Each structure stands twice: as structure tokens, then as C-alpha cells.
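Take a look at the structure below.
The values are calculated or read from the model by the stated rules, or taken from the named source; none is laboratory data. What you are looking at is a predicted structure, and each value in this text was computed from that prediction instead of being measured. Counting neighbours? That spans all protein chains shown, and the Cβs are built from the backbone with ideal geometry, glycine included.
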Amino acid sequence: MVVESLKDQGVEVVFGYPGGAVLPIYDEIFQQNNIRHVLVRHEQGAVHAAEGYARSTGKPGVCLVTSGPGATNAVTGLTDALMDSIPIVVLTGQVPTFMIGNDAFQEADTVGITRPCTKHNWLVKETDKLADTIHQAFHVATNGRPGPVLIDIPKDVQFANGTYISPKAASTKHYQPKVKGDIETITALVDAMETASRPIFYTGGGVINSGAAGSQLLREIVDATGFPITSTLMGLGAYPANGKNWLGMLGMHGLYEANLAMHGCDLMINIGARFDDRITGRVQDFSPNSLKAHVDIDPSSINKVIHVDLPIVGDVAHVLEDVLRIWKSRGRKTDTAALKEWWAQIEDWRSVDCLKFTQKGKTIKPQHALARLESLTKDHPDRYICTEVGQHQMWAAQYMGFNEPNRWMTSGGLGTMGYGFPASVGVQMAHPDALVINVAGEASWLMNMQEMGTAVQYRLPVKQFILNNERLGMVRQWQELLHGERYSHSWSEALPDFVKLAEAFGAKGIMVSDPADLDDAIMEMINHEGPVIFDCLVEKHENCFPMIPSGEPHNKMLLGEDADTGSAIKEGGAVLV
Amino acid sequence: MSALKIKKGTSRHSAYDLRDPHAEPIESHTLAVVVDNEAGVLARVIGLFSGRGYNIESLTVAEIDHLGHRSRITVVTTGTPSVIEQIKAQLGRIVPVHEVHDLTVEGPSVERELALFKVAGSGDKRVEALRLADIFRANVVDSTLESFVFEVTGTPEKIDAFADLMRPLGLSEVARTGVAALSRGESVES
């Protein structure tokens, strides 16, 4: 019944790990060929792999894990998916219904534990309700603001026979979130767009979750209006990085021009982003002089952090379609003279060249490693980038460009170290011929390194691009800047030899430390047909700039020593800040 | 070189902005939440309040439509206007929640609570307790020679007032149901 339901939902791959309480389902899996099962090495890996699968395909990812420890190990992944609005369906085994509450072997209150970290969850106590619940779960995971759902299935329910119903017959009616935005507010937004002199689009993961139409319409509206656009970490790729209106990422480690444009704009159009604290900085000083519009499918995102003037509850694609239609029908008006001036101002900020760095000496700068990786892979026809969490993640967001949605998999909201490697496994399962690279730090990577076994077993040629500074780089950076250079427990003295580690798993390892060897080593990694651990020894004390310290507004950024701060801060910055 | 001149080593900046942005007044609102009567639904609602740091002043829940499997949760909560808005939006996105009504802002409403008071005593105090109970239209639902159990219905303020009066007269135990509320007039919320 479970496998039948999954098949009817179009599921092709399940990431899982067997155990006593899910054996009946594993028995069903054994006796069919429609659904492939990927045996991960840890349940957290299964959930992150399903997330990678979901983010790179737009389809829900599916996991199957056992009761007790299987379910509790999945909790981090569930929370990660909840924070980043990723549709995944997790099936957990449970002890038989008559043993629930008895502290049975491998029993945990799974629906209780996962209630706050799922969009919704179910404990199915009757086999007749199993198919209906599974179909409902897919409906809830993928409709409205996407998110993780969990279905807890006791073992006796798995064994029993029940009536099957198809997805069409399932009771999904009562969960139907609103997708069309309010036309009056949309018209007010068009009014504002026609007269704005310093407008900006601020977009987020909601655009990508809205599907291909969301990104397509965003590109159309940005190019037609000529407004500048910046994006959160989660929204990278919705508007192409090589597009002419692109300012780069905003936020704590965002680009100088993007953050100052946010601070100085007079019309902010937030599409599918949620005013996260890594974006806003100090909320009282957040973009003080702008009219703010916010398009979000989740009503609870609106006015949660920042009060907005034009709240529009709806799906990005539906709303953008209406905005475009109304704006076009009214003659495609913008204040072109003011826009020209606004762009001149932005170009002035851009001249600071906030990402500038100088590669010199015999040590590889992490920025240089990523700039070279970008340069050598950006023309690859099918490239996907995952990351772990930390400095390398921010550098990857800064130095790599994404021209299509669903090509960038990173843990944004929860900031889960150990996310990237299993996510890359999930991405590669969905796209077997693609170039899938996980940009990692050595500390994050070690958190889920057991998934090397999965990569090797399923011949997944994932490339683990590790920027190895033998430090918890982001922690070290905060300690340097804000905690008196007291580097409390932010380095590792017992790192493995990554080349030998790769070989121990039956994969290829490459180590590089000399900038002169970097390009050849990267090419060797790309051209190798199997999984690779790429150990790139980088400058140990490099800091990630630009940086807005928490509790400060956008116009108070710290810049790297190479950035050309001369003119812009005095003139441009001071004008609007 | 940096736009922000922070001294190395200062710990004024944490990873989060620690200043409280909410300097707005605190309000009390009565919310009516209609939910599917399914396992765990109350835990979802309460978990939302505890997990996000909202207040519950009073909470009442019971099934109101057996055939439709609907329950009604009446919750009295306090917070700044923006927090109250956020509570309503967060409640609204719980999957088995059908409707959220803010009775405090959606027009006039009636609120009632039922309470039982055990008052032990003898002599003048006992007579006085009975006299005050009469003024409050409280019913005597249990009586011994040394005690009464009063049943009082009314607004929470009336029940508070009755409790204040009973305290010096030998009030020994209180049970309150929490607030149940409905909008006035013929219009139907759900």
C-alpha cells in the first residue's frame, strides 16, 4: 500500500535506512522495480539528500526511516526543510499500535517530537486511512508554502490489509491556500512602480518555489522595467547572475551595492523573501525611506519582522502575472530619468568592488579557489552547486554565478553544517549526468562524511570541493572581530588525510596547496568519472567580507582591505545613509 | 578602511540583535479558533504559543460539532498589536485549523466563564458568604454544615471579584473553566 501510494504520486527515488519498524515496507520495496531506493549511511543524510533532490527538481523528496533513533536522526533535516520551505515527505516506522506508550524497543513519540519541525504530521492508526493520508501528505508538502511533512506508520498498520484509494480520491480539499493576490493592492504596487525613482526588487526562495513560471515572470518584469534586483541566499538563480540588472546577493555578507541600494531605495518590492535577520540587520534602521511591498504565499511572513505598506498574499507566479498584465496595459510606464540617476548611484557603489581580493604568495586564498572553480565550471551545460555552512558558503554565494533556478542548494534558514554532502548525493540521483559540486569547509564536511559510502555504492560522481583552513572559519572570524581574538575551540588538530580517506572509501582524493597547481587540479576533479574529495588547503585566517555585524543597519558594512572604499563611502554612501 | 569603526574585541555585537524592538502597548485579545477534532490538534496550538513565546491567559476547548469533527478553541492572549497579528497568522497556517476569529476586534462579543468555589466556614462568615453569593447570582451546588460549593457564571472580571470577596470568608479551592466567547448579533462566524 505504501509503495503503491508513492508510485501513484510519481515518486522515483526514496532515500532511506531500514530498521525493525519499517521492514514490511522494505519488503514491498524489494518486490518491485518502480521506485529506486538509495541506502544512506545516516538518517540525517537521507533527509538532506531528499532536500537536495527536491531543490534541484522542484518535486517533493521522499525518505523512509525506522522508528525511534531513525526518526530522531531525521529531526535536523526536517527542521532544515521547514526553515527553507522545501517539500519533503518522510515516512517513519513506529512500534505496533498496541505497544505505543509502553516504552517499547525503538519507540519514540515521533509525531510529538516532529510536530514543531514539520508543516504537518500524521500518526496513521488504521490501514484504511493509510493511502488517503499519504496522498494528503504530498498535497500539503507541495501546496501553499512548501515544507516537510511526516507520516508515522505503526508496524501492525503496515502488515494489515486495507482499502487503497488513488490520489484523486484523497481528501485534500480543505487545505487550499490562496494563490491569487488581491488585485487592488497589486494595482497600488503598479502605481508605485510607475512613479518610483529608486526602486529595487528584493527576491527570495519563494520565486524558486513558485516553479519555472515564477523565475520566468520575474526575469520578464525586471528586464521590462529596468529596475535593479538583488536576492537572498535562497533566491540565487531566479534572476540570472549574468543579467544586466543583477546587483548580487544582499544581507550580512551581501554585496556593498546591493545593501546600499536596499538602504537607499524609495520602493522595495519583496518577492518571496521573508525579511530574515541576516538580511535586515537592525530592523529599526532597515531601509528607512522606502515604500515596501511584500509578495508571499504565507500570510504569517507578512508584517512579521518589517511592517510593509503593500502586503500581497499569493503565489509569486500568479501575482507577478497580474502585476505585469496591469503594468503593461497601463502603458509600461516608469520614471526613466530618475532610474538613470539611480543606476548611476548604484554604479558608483559598485565601483567599490567589494569582492576584490589579491591572490599572492604560495598560499591559496579561498576566494581565489572559488573564483577559479567558477571560471572553470560556469560554462558546463549542467552544473549544480551545493554548500555546507560557513565562510565557504558565503564565498560561494559571492564568487559563483547562477543563471538558472534550482542550481544552488544551500542551508539558509537553519544553517545546518553537514547539509551539503548528502544534498549533493540527492542532486546527483536526480541528475545522473550533471556536474554536481559540493563546496565545503572541512569541518562541515566531516559532520556527514559517512555518506561517502552512499556516493561510492551508487556510483554518484559528486565532487567534494573542500576549502580546508583547519578552522571553523566563521566562528573564528567572529571570535577575531568580536571576542578579543580568543579562539575558543574553533580549530581542529586531528583532521584526516582527505586523500587517504577518499581512497579508503574507494574514491579519488586530490590535494592541492600551491596556487599554481589549482587549475589543473580542478580540471582533474571535473574530468574524473567517480566521486572525488578535493582537499584545497587555503589561507587559514581569511575573513569573509563584506560583513554587516548583527544589530547594525545596511549602511554600516565592514569591507575587506582590498576594496576601493575611497570615493563611494564619502559621496554615494553618505548621500542616502 | 571599514565603514563601521568597531574595536576589535568588543562584544557589544552578538550574533543576534539583542535589543527589544517592541515598545508597543500590550493588548488582550480573545481568539476563537475552529479546528478539526483530530489527535494532537490541541498540542499543535499550544506548541505554537510556547514555541514562539506567546502568552496564554485562558484556554477553553471542546468539540462543538460531532458529525463534522470540529472543535472550538477559545484562547485569551496578550501581546503587542503586531504580535497579536502574528499569532493569528501563525494559527491560520496550522493545517487542521479552519478559521481564526479575533472577537476583540471583529465587533461586539459576549464572554463567559464558569467557576466553582469551595468556601469553608461557620457562623457569620458562612451567612455572609451565602448573602454575597446571592448578590452574584451564584448557585449553591454542594453544601455541608461547614462548607459551600458555589457555581458562578459571568465575565472573568465578575469571577475575579467574587473570588476577592470570598477569600476572607474561607475560600479554600477554585476551579475555573476559562473563557468561552461568541460574537453578538445574528451573524455566524463559522
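Before moving on, here are some points about what is shown:
- Condition broken by A:K180, with the remaining ones in (1) part of a loop (DSSP other than H, G, I, E, B); (2) within 26 Å of A:S56 (Cα to Cα); (3) in contact with a Phe, Trp or Tyr (Cβ under 8 Å, 6 or more places away or on another chain) satisfied: (3)
- Scanning the stretch A:249-268 for residues that are among the small types (G, A, S) and either under 16 Å from the mean Cα position of the chain (by Cα) or under 17 Å from A:A196 (Cα atoms) (or both) yields A:G251, A:G254, A:A261, A:G264.
- Here A:D535 fulfils each of the conditions (1) buried (at least 16 other Cβ atoms within 10 Å of the Cβ); (2) among the acidic types (D, E); (3) at pLDDT below 95 apart from (3).
- Conditions (1) of a type outside the set (K, R); (2) part of a loop (DSSP other than H, G, I, E, B); (3) in contact (Cβ under 8 Å) with a residue 60 or more places away in the chain; (4) surrounded by 15 or more Cβ atoms within 10 Å (Cβ to Cβ); number of the one not met by B:V95: (3)
- Of all residues in the stretch A:531-561, those being farther than 24 Å from A:G509 by Cα and of a type in the set (K, R) number 1.
- Matching residues in the stretch A:346-356 - criterion: being hydrophobic (A, V, I, L, M, F, W, C) and either part of a helix (DSSP H, G or I) or farther than 25 Å from A:I437 by Cβ (or both): A:I346, A:W349, A:V352
- If you go through the stretch B:1-39 and pick out every residue that is surrounded by 16 or more Cβ atoms within 10 Å (Cβ to Cβ), at pLDDT 55 or above and part of a loop (DSSP other than H, G, I, E, B), you end up with 2.
- Boolean, A:A192 is touching a Leu at 6+ places or on another chain (Cβ under 6 Å) and part of a helix (DSSP H, G or I): yes
- Scanning the stretch B:146-190 for residues that are among the aliphatic types (A, V, I, L, M) and not in a strand (DSSP E or B) yields B:I159, B:A161, B:A163, B:L165, B:M166, B:L169, B:V179, B:V188.
- Just so you know, in the stretch A:504-550 the residues that are aromatic (F, W, Y) and more than 14 Å from chain B (Cβ to nearest Cβ) include one that is nearest to the chain's Cα centre (by Cα), and it is A:F534.
- Restricting attention to the stretch A:29-47, the residues being more than 25 Å from the chain's Cα centre (by Cα) and crowded, with 16+ Cβ neighbours inside 10 Å number 2.
- Residues satisfying the stated conditions in the stretch A:402-411, i.e. surrounded by fewer than 24 Cβ atoms within 10 Å (Cβ to Cβ) and either more than 23 Å from A:A317 (Cα to Cα) or touching a Ser or Thr at 6+ places or on another chain (Cβ under 7 Å) (or both): A:N406
- The condition (being over 19 Å from the mean Cα position of the chain (by Cα), in a strand (DSSP E or B), away from every other protein chain (no Cβ under 14 Å) and more than 24 Å from B:R44 (Cβ to Cβ)) is satisfied by just one residue among B:V127, B:V110, B:V140: B:V140.
- Scanning the stretch B:40-92 for residues that are surrounded by fewer than 18 Cβ atoms within 10 Å (Cβ to Cβ) and aromatic (F, W, Y) gives a single hit, B:F49.
- Pair list, Cβ < 6 Å and 6+ apart or interchain, from the stretch A:178-199 residues that are charged (D, E, K, R) to residues that are in a helix (DSSP H, G or I): A:K180/A:H318; A:R198/A:W342
- Any hit, the stretch A:357-379, residues being under 13 Å from the mean Cα position of the chain (by Cα), outside any helix (DSSP H, G or I) and at pLDDT 95 or above: no
- Considering the stretch A:339-356, the residues that are of a type in the set (A, V, I, L, M, F, W, C) and more than 29 Å from the chain's Cα centre (by Cα) include one that is farthest from A:R198 (Cα to Cα), namely A:A344.
- Residue among B:V127, B:V119, B:V140, B:V110 that is hydrophobic (A, V, I, L, M, F, W, C), surrounded by fewer than 17 Cβ atoms within 10 Å (Cβ to Cβ) and touching a residue at least 40 places away in the same chain (Cβ under 8 Å): B:V110
- Subset of the stretch A:468-492 (residues that are within 14 Å of chain B (Cβ to nearest Cβ) and either β-branched (V, I, T) or not in a loop (DSSP other than H, G, I, E, B) (or both)): A:M474, A:V475, A:R476, A:Q477, A:W478, A:Q479, A:E480, A:L481, A:L482
- Subset of the stretch A:91-146 (residues that are among the hydroxyl-bearing types (S, T, Y), closer than 21 Å to B:R93 by Cβ and touching a residue at least 40 places away in the same chain (Cβ under 8 Å)): A:T114, A:T118, A:T142
- Filtering the stretch B:59-85 to residues that are under 9 Å from the mean Cα position of the chain (by Cα) and over 18 Å from B:V105 (Cβ atoms) leaves B:L59, B:T60.
- All helices (runs of 4 or more DSSP H) inside the stretch A:242-345 with 3 or more residues being within 14 Å of chain B (Cβ to nearest Cβ) and either within 29 Å of A:V389 (Cβ to Cβ) or touching a residue at least 12 places away in the same chain (Cβ under 8 Å) (or both): A:256-264, A:277-280
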